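S.K.: Dropping the structure in here first, questions after.
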Amino acid sequence: MDTKKIKMPYGISEDAITEVEREVPLNEPDAWPVNEKLKHVGKRVKRLDAYAKVTGEARYTSDIQLSGMLIGKMLISAHPNAKIRSIDTSAAEKLPGVYAVHVIKNEEEEAYPVVRYAGQPIAAAAAVTEAVAEEAVRLIKVDYDTRPFVVDIEKAMDPEAPVVYEAPVEQKASEGGEEIESGLKLTGNVRGPNEGRPRGELTSGFAEADIVVENTYRTQVQTHNALESHGMIVDWKPDGVTIYASTQGTQGVRNEFADLFDLPRSKVRVLVEFMGGGFGAKHGLGTHGAAAGHLAKKTGRPVKMMATRKEEQISQGNRPNSIHHLKVGVKKSGELTAIEQKSYGTAGVGLGAGVGGVAQSMYTCPNFKTAQYDVFTHAGPGAAWRAPGAVQGIFGLEQMMDELAEKIGIDPLAFRDKVDPSRVRKAGRKVGAERMDWSRRKPTGSDPGIIKKGIGMAQSSWWRIHSINATAEVKIFKDGAIEVRSGVQDIGTGTKTILAQVVAEEFGLEPEDIMVRIGDTLFPDAPGSGGSQVTASITPAARNAAYQAKLKLFNMVASNLETDVSDLKAADGYIFSSKDETKKMTFKEALKSMPVSQITATESRTKEYDGDYLHWDLGAVQFVELSVDTETGFIKIDKVVAAHSCGRPINITQLESQINGGIIQGISYAIYEDRILDRNTGHMVNHTLDTYKVPYAMDIPEIDIALMEDYNAKSSTDAYGIGEPSNIATAAAIANAVYNAIGVRIKEIPITPAKVLEALNKA
Amino acid sequence: MKDDKKIIKKGVSRRGFLKGAGLTTAGTIVLQTGVLAKTKENSVQSKTVGPGPVNVEMNVNGKTRSLTIEPRSTLAQALRDEIQLTGTKMVCDRGACSACTVWVDDIPVNACMTFAMDVGDRKVVTIEGLAENGKLHPIQEAFIDHDATQCGYCTPGMIMSTAHLLKENPNPTLEDVKHATRGNYCRCGTYPHVFKATLAAAKKIK
Ligand code: FES
Ligand code: FES
């Protein structure tokens, strides 16, 4: 590949910004300067599709009605562990208005799958209305051979417990999810250990320590609870299938559908224009997409299958819980000498409950060992959720760090300054401490009175994930229209808007001038919205494509302007010679003079300029101030200060929106929500929105965000995402603040009033 | 809130309770009970209809619309399925999220908890009817300016709640805004921007 050497900004806005030289592909543009010198990138550009959202015009999958469309409904298992002897669908099939019934079978053996959790999809019916489909589902008779089951993680670890799987199982990770190690041993319901990447030697490490602290931290299962449920409409026509999907990954749906029905990928088109929330759970075809496919194939009509709220809670994903043991040694001087970690977690019938990444990688410590186990239970499968594994891991690790700091008698921030190699977190601790006014933090447990105030902090890391399978096409038309196309989706994060900003910046136009068409697999492939990889992957592709389209245009107009192509620049709506600014024409005039009706350029993301693949340094530091009512046990979060980095920020307002969301979900995780399964029946008892406790408007604190610019010179936009980083540290920061307020550590979330009172009574 | 007082006088009859349970903001159902039971008689109240579909007329966003609905249809189903006004969202279908908030005679109700047949000749306003002659309501503009929408699925409900607040209270405090949106569930966490947008819109209207 031909390359060139360019100078790029490097460093953190809160610290110092210098320059670094990089060797980059010849067909990519020169580096942008820092955001301050740009016109649209790094600014508060309004969300381009907000108009459709505030007027109700935005059509989500759940809103779409096609002519002749049938509604599908799912029959779900009433039992948590059973073999199915027989299924009788005859009454359902006879019901007027029913077009087809589909019974789920294992692909190879053509047998009914074993039922492994209450709520597992078994069959689906398609009918003229939702009510008829529901009635049809009620008419399906299933003869179950029920067996003992276990839904509690600790009971499931008992060698005597009923087993979920008879033989070792392998599953692939969901996109953006924690890596799933293959080939691990299965003993009863316990799969593992995953031993990560150990280093050093623990015995000598602990021997060197002045203080060793050992603790167990526990986190609960939480369910994603996006407002729009999982679901798809499958329209199966002889010449191809069109799927409208509530998805966070268009190509994932296409690929899985094509594989399942043995179709070439070119015959499957997946569309998602607006999507009502995913947070990690909406990758792939899913149970409802697959069933809609079968029913559409059978009936020759479009079939819409959306999960009910109950199904959404039970079978469509959750964040696995964790029992997280940590043993850490520290010298009085503040050096970490050894970290030993062991964890168990259940993703129900699924895998992916590891929590080890953060303890392994975040702090400088020569000796590290981990053993992480997945525990199978008779419960719905887990799915990725914003920073899978890291959220659970940080809840333990950051409380441990605070405890160590206290034991060696130094301030939690000063301790982290000693053991944390991250420059960006160092800068974050500084701005965050200023904005929270950390100096007013009282000694732990010293606030007098019934309502006690506390201040705490926690920090986090996430990978710079990007995909080179990310392509964008830019078209410029003779009449002045500009279009960007990509298969990438906007799940509410603002992808449409940032693509317009990036392309507008390159052309010297306004973001509103750019028509962004995404969420359609007719356009070039791009990754799913998982792992905070979309911004990092697709914005460089779009900029590279815009740059190539611009060069083509320059080639066409250079002679009109009597200049060299290499002297031409585009800015403020003009194309001009950088040597002689009187030689200029408007962008529109330039387009009009094209000898062709349209220019198209298609480019992809290339690998990181510095050859890095994954770098563990999207840092964040969050501070929390709260009040604990020691009579009722209620916690009120008063204020959150969040210092974040995501490379070069592209849209400040949208980033703030997403950070607010990450923090609010973190608050919810820390003190409110909890999926509760009944041990006696295996059913979820709080599957309705009124019984599944989440924060509402009255519970929302003031949130103050410090967004740092963090230039790393890694791609043509040098931008990364914020979806995962914003959600990791909040729960740990809350736990540390609760400790500061009441002087008792609560190592298990959600920190409910009952747990606060219990802790106070024990103290 | 003004409505609370206005409505509470009506008391709680069983039928009134059922109907009034459609009112927005879960948790205060009892306070706001009885909206649809007050004064006006429903056109269909005395005769027996159903269970099959029946034809009704409904005043939606200033226009009279003809609908064919089953008597068990909720207002949310009728709006979404019959006249394709899909801006009104259905999430919980049990009065816990306010995504389905519309105004019935200028009072915000949960359309999932309101029978379509009980609307009678009252005026329904949905998110699609908030802009006047193509000009956005100040709240809608403020939601755009302050990025008070992410995935956008809760947004119509949020807007119907906050726009109603500004009608009743042109000088809201932050607490008033929180109070007005206390039943609106948003998983994306747009609340801080919703508060900002509403306060900004109030200032602009003045
Ligand atoms: S309150 Fe009506 S759908 Fe949730
Ligand atoms: S914006 Fe997504 S639920 Fe509120």
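S.K.: From A:Lys426, A:Lys418, A:Lys407, which residue is touching a helix residue (DSSP H, G or I) at 6+ places or on another chain (Cβ under 8 Å) and more than 23 Å from A:Ile671 (Cβ to Cβ)?
M.R.: On the way: A:Lys418 fails: touching a helix residue (DSSP H, G or I) at 6+ places or on another chain (Cβ under 8 Å); A:Lys407 fails: touching a helix residue (DSSP H, G or I) at 6+ places or on another chain (Cβ under 8 Å).
Exactly one of A:Lys426, A:Lys418, A:Lys407 is touching a helix residue (DSSP H, G or I) at 6+ places or on another chain (Cβ under 8 Å) and more than 23 Å from A:Ile671 (Cβ to Cβ), namely A:Lys426.
S.K.: Something else now. For the stretch B:124-148, name all the residues that are more than 10 Å from every other protein chain (Cβ to nearest Cβ) and surrounded by 24 or more Cβ atoms within 10 Å (Cβ to Cβ).
M.R.: B:Val124 - this is the single residue of the stretch B:124-148 that is more than 10 Å from every other protein chain (Cβ to nearest Cβ) and surrounded by 24 or more Cβ atoms within 10 Å (Cβ to Cβ).
S.K.: Looking at (1) closer than 21 Å to A:Thr444 by Cβ; (2) in a strand (DSSP E or B), which is the only condition A:Asp704 fails?
M.R.: (1)
S.K.: Quick one: which residue in A:Ile518, A:Ile498 is closer than 25 Å to B:Gln150 by Cβ, within 14 Å of chain B (Cβ to nearest Cβ) and at pLDDT 95 or above? Give the steps one after another, and end with the answer.
M.R.: Numbers: A:Ile518 fails: within 14 Å of chain B (Cβ to nearest Cβ).
Unique residue meeting the criteria: A:Ile498.
S.K.: Sort out which residues of the stretch B:149-190 are within 19 Å of the chain's Cα centre (by Cα), more than 16 Å from ligand 1 (Cβ to nearest atom) and aliphatic (A, V, I, L, M), and write them in order of number.
M.R.: B:Ala163, B:Leu165, B:Leu166, B:Val177
S.K.: Give the stretch B:72-111 a look and list any residue that's touching a residue at least 24 places away in the same chain (Cβ under 8 Å) and within 16 Å of ligand 2 (Cβ to nearest atom), or say none. Talk me through it step by step, then tell me what you get.
M.R.: Pass one, the stretch B:72-111, residues touching a residue at least 24 places away in the same chain (Cβ under 8 Å): B:72-79, B:85, B:87-89, B:91-92, B:95-111.
Across the stretch B:72-111, the qualifying residues are B:Gly87, B:Thr88, B:Lys89, B:Val91, B:Cys92, B:Ala96, B:Cys97, B:Ser98, B:Ala99, B:Cys100, B:Thr101.
S.K.: Quick one: is B:Val91 within 13 Å of chain A (Cβ to nearest Cβ), touching a strand residue (DSSP E or B) at 6+ places or on another chain (Cβ under 8 Å) and of a type in the set (A, V, I, L, M)?
M.R.: Details: within 13 Å of chain A (Cβ to nearest Cβ): yes; touching a strand residue (DSSP E or B) at 6+ places or on another chain (Cβ under 8 Å): no; of a type in the set (A, V, I, L, M): yes.
Judged against the criteria, B:Val91 is not a match.
S.K.: Determine, yes or no, whether A:Ala526 is over 26 Å from the mean Cα position of the chain (by Cα), surrounded by 24 or more Cβ atoms within 10 Å (Cβ to Cβ), more than 14 Å from chain B (Cβ to nearest Cβ) and closer than 18 Å to A:His466 by Cβ. Outline the logic, then answer.
M.R.: Numbers: over 26 Å from the mean Cα position of the chain (by Cα): no; surrounded by 24 or more Cβ atoms within 10 Å (Cβ to Cβ): yes; more than 14 Å from chain B (Cβ to nearest Cβ): yes; closer than 18 Å to A:His466 by Cβ: yes.
Against the criterion (over 26 Å from the mean Cα position of the chain (by Cα), surrounded by 24 or more Cβ atoms within 10 Å (Cβ to Cβ), more than 14 Å from chain B (Cβ to nearest Cβ) and closer than 18 Å to A:His466 by Cβ), A:Ala526 does not qualify.
S.K.: Just for strands (runs of 3 or more DSSP E) wholly inside the stretch A:444-530: which have at least 3 residues that are β-branched (Val, Ile, Thr) and either in contact (Cβ under 8 Å) with a residue 24 or more places away in the chain or assigned by TED's automatic domain parsing to the domain that holds A:Ile742 (or both)? Break it down into steps so the answer makes sense when it comes.
M.R.: Numbers: elements: A:451-460, A:471-477, A:482-485, A:514-517.
In the stretch A:444-530, the matching strands (runs of 3 or more DSSP E) lie at A:471-477.
S.K.: Now, a different point. Filter the stretch B:165-183 down to residues that are among the hydrophobic types (A, V, I, L, M, F, W, C) and either within 11 Å of chain A (Cβ to nearest Cβ) or touching a Leu at 6+ places or on another chain (Cβ under 7 Å) (or both), then give me how many there are.
M.R.: If we filter the stretch B:165-183 for residues that are among the hydrophobic types (A, V, I, L, M, F, W, C), which is where we start, we get B:165-166, B:174, B:177, B:180.
Keeping just the survivors that are either within 11 Å of chain A (Cβ to nearest Cβ) or touching a Leu at 6+ places or on another chain (Cβ under 7 Å) (or both) gives B:174, B:177, B:180.
Residues flagged as among the hydrophobic types (A, V, I, L, M, F, W, C) and either within 11 Å of chain A (Cβ to nearest Cβ) or touching a Leu at 6+ places or on another chain (Cβ under 7 Å) (or both) within the stretch B:165-183 amount to 3.
S.K.: Another one. Taking the stretch B:61-98 as the search range and keeping residues that are within 16 Å of ligand 1 (Cβ to nearest atom) and among the charged types (D, E, K, R), which one is farthest from the chain's Cα centre (by Cα)? Don't jump to the end; show me each part of the working.
M.R.: Let us first name the residues in the stretch B:61-98 that are within 16 Å of ligand 1 (Cβ to nearest atom), namely B:72-81, B:85-98.
With the extra rule that they be among the charged types (D, E, K, R), the set shrinks to B:72, B:80-81, B:89, B:93-94.
Values: B:Arg72: 19, B:Arg80: 14, B:Asp81: 17, B:Lys89: 11, B:Asp93: 13, B:Arg94: 14 Å.
This residue is B:Arg72.
S.K.: Ok, one more. Identify, from the list A:Glu19, A:Glu36, A:Glu57, the residue that is surrounded by fewer than 18 Cβ atoms within 10 Å (Cβ to Cβ) and over 31 Å from the mean Cα position of the chain (by Cα). Can you show your working first?
M.R.: Details: A:Glu36 fails: over 31 Å from the mean Cα position of the chain (by Cα); A:Glu57 fails: over 31 Å from the mean Cα position of the chain (by Cα).
The unique qualifying residue is A:Glu19.
S.K.: Identify, by number, the condition in (1) hydroxyl-bearing (Ser, Thr, Tyr); (2) in contact with a Leu (Cβ under 8 Å, 6 or more places away or on another chain); (3) surrounded by fewer than 24 Cβ atoms within 10 Å (Cβ to Cβ); (4) touching a residue at least 40 places away in the same chain (Cβ under 8 Å) that A:Tyr244 doesn't meet.
M.R.: (3)
S.K.: Residues being hydrophobic (A, V, I, L, M, F, W, C), within 14 Å of another protein chain (Cβ to nearest Cβ) and under 16 Å from A:Met306 (Cα atoms): count how many of those fall in the stretch A:244-284.
M.R.: Of the residues in that region, 4 qualify.
S.K.: Can you find a residue in the stretch A:379-397 that is farther than 30 Å from A:Val150 by Cβ, part of a helix (DSSP H, G or I) and of a type outside the set (S, T, N, Q)? Working first, answer last.
M.R.: Within the stretch A:379-397, the subset farther than 30 Å from A:Val150 by Cβ is none.
Within the stretch A:379-397, none of the residues are farther than 30 Å from A:Val150 by Cβ, part of a helix (DSSP H, G or I) and of a type outside the set (S, T, N, Q).
S.K.: Same structure again: Only one of these is of a type in the set (A, V, I, L, M, F, W, C) and within 14 Å of another protein chain (Cβ to nearest Cβ): A:Met708, A:Met684, A:Met698. Name it. Please lay out each step first, then the result.
M.R.: Working: A:Met708 fails: within 14 Å of another protein chain (Cβ to nearest Cβ); A:Met684 fails: within 14 Å of another protein chain (Cβ to nearest Cβ).
Only one candidate passes the filter, namely A:Met698.
S.K.: Which residue pairs have Cβ atoms closer than 7 Å, lie 6 or more positions apart in sequence or on different chains, and pair a first residue in the stretch B:177-192 that is farther than 14 Å from B:Ser161 by Cα with a second residue that is within 15 Å of ligand 1 (Cβ to nearest atom) and not β-branched (Val, Ile, Thr)?
M.R.: From residues that are farther than 14 Å from B:Ser161 by Cα, the pairs are B:Arg187/A:Asn225; B:Arg187/A:Ala226; B:Arg187/A:Leu227; B:Arg187/A:Gly277; B:Cys188/A:Gly277.
S.K.: Can you find a residue in the stretch A:84-99 that is part of a strand (DSSP E or B), modelled with pLDDT of 95 or more and within 13 Å of chain B (Cβ to nearest Cβ)? First the steps, then the outcome.
M.R.: Kept after step one, since they are part of a strand (DSSP E or B), are these residues of the stretch A:84-99: A:84-88, A:98-99.
Next cut, modelled with pLDDT of 95 or more only: A:84-88, A:98-99.
Filter once more, so that each one left must be within 13 Å of chain B (Cβ to nearest Cβ): none.
No, the stretch A:84-99 contains no residue that is part of a strand (DSSP E or B), modelled with pLDDT of 95 or more and within 13 Å of chain B (Cβ to nearest Cβ).
S.K.: Do we find a residue being over 22 Å from A:Asn660 (Cβ atoms) and touching a residue at least 40 places away in the same chain (Cβ under 8 Å) anywhere in the stretch B:139-160? Even if it seems obvious, please write down each step before you answer.
M.R.: Just the residues of the stretch B:139-160 that are over 22 Å from A:Asn660 (Cβ atoms), to begin with: none.
Looking through the stretch B:139-160, none of the residues is over 22 Å from A:Asn660 (Cβ atoms) and touching a residue at least 40 places away in the same chain (Cβ under 8 Å).
S.K.: Looking at A:Leu655, A:Leu677, which one is under 17 Å from the mean Cα position of the chain (by Cα) and more than 9 Å from chain B (Cβ to nearest Cβ)?
M.R.: A:Leu655
The values are calculated or read from the model by the stated rules, or taken from the named source; none is laboratory data. Keep in mind the model is a prediction, meaning the values are calculated, not measured. We place every Cβ from the backbone using ideal geometry, glycine too, and count neighbours over all the protein chains shown.
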